[in-house]
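The values are calculated or read from the model by the stated rules, or taken from the named source; none is laboratory data. This structure is a prediction, so every number in the text was calculated from the model and none was measured. Virtual Cβ from ideal backbone geometry, glycine too; neighbours counted across all protein chains shown.
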Amino acid sequence: MKLLRKKYIISITAFLIIGIGYAQNRPLPIGFFAPQFSEGHTLYLYDEASLSVKLPGQEKPIDSITLKKLGYNMVIDYAPQWFEPIYDKLDYGIFYIGVKRLGTDYVEIIANETTGKTVYISRHIGEFVSWAEFLLNMHSVEFDQEGQKVYDDPKIKSAGRIYDRNTFFRPKFVAGDWMEVAILDNDFNPTGDTGWIRWRKDGRLLIRHNLLS
């Protein structure tokens, strides 16, 4: 039980720091890819060379990801050692991979969040998820640095309100680089206060996003 709890804590901590990795190391993905997954389903992975064929249907994958059912949950049965997507919580029905480029037939995905390694996957075996949809699916978000402000309206130049960096917010609406949020208490319950925060500026993520509580 202690080991499982430790793994759970490490997993949640990894979720909390993903935003920092994007901000410091490389440009943000343009969105996310949510592959369809079911038992026995195979997700084929390609590189640029394998897609450089004259006739459609002749593409040869460089690797694959397979899934299976373990108890009541879906799990990854096989994946390349270097496969490290942003979220693969299949037991919660969640599987997100960062997208570098969106194409007609293929999507260039960020297959390793640490190294930035990319490969290609068929666009027809999943769904493209925008940043707005992605953030609205989060349990909560929080500021990345001290001194960030909550505004009454992003269109009005005002001093804004400064909250403790450990304050959590629940996304309500996303409009461009701004997000309307409900302000939460220490038990993640809405306080009744709302406001607008800037979640992105000049291609840099200004918040941490938390998938789970």
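I'd like the full set of residues that are assigned to a strand (DSSP E or B) and surrounded by 16 or more Cβ atoms within 10 Å (Cβ to Cβ), limited to region 42-87. Within region 42-87, 43, 44, 45, 46, 63, 65, 67, 74, 76, 84, 87 qualify.
Taken over region 153-169, the criterion of being at pLDDT 85 or above and surrounded by 13 or more Cβ atoms within 10 Å (Cβ to Cβ) is satisfied by 160, 162, 163, 167, 168, 169. Residue count for region 80-113 under the criterion of being at pLDDT 95 or above and within 15 Å of residue 39 (Cα to Cα): the result is 0.
Looking at region 25-73, which of the residues that are among the aromatic types (Phe, Trp, Tyr) and at pLDDT below 90 is nearest to residue 131 (Cα to Cα)? The extreme case among them is 37.
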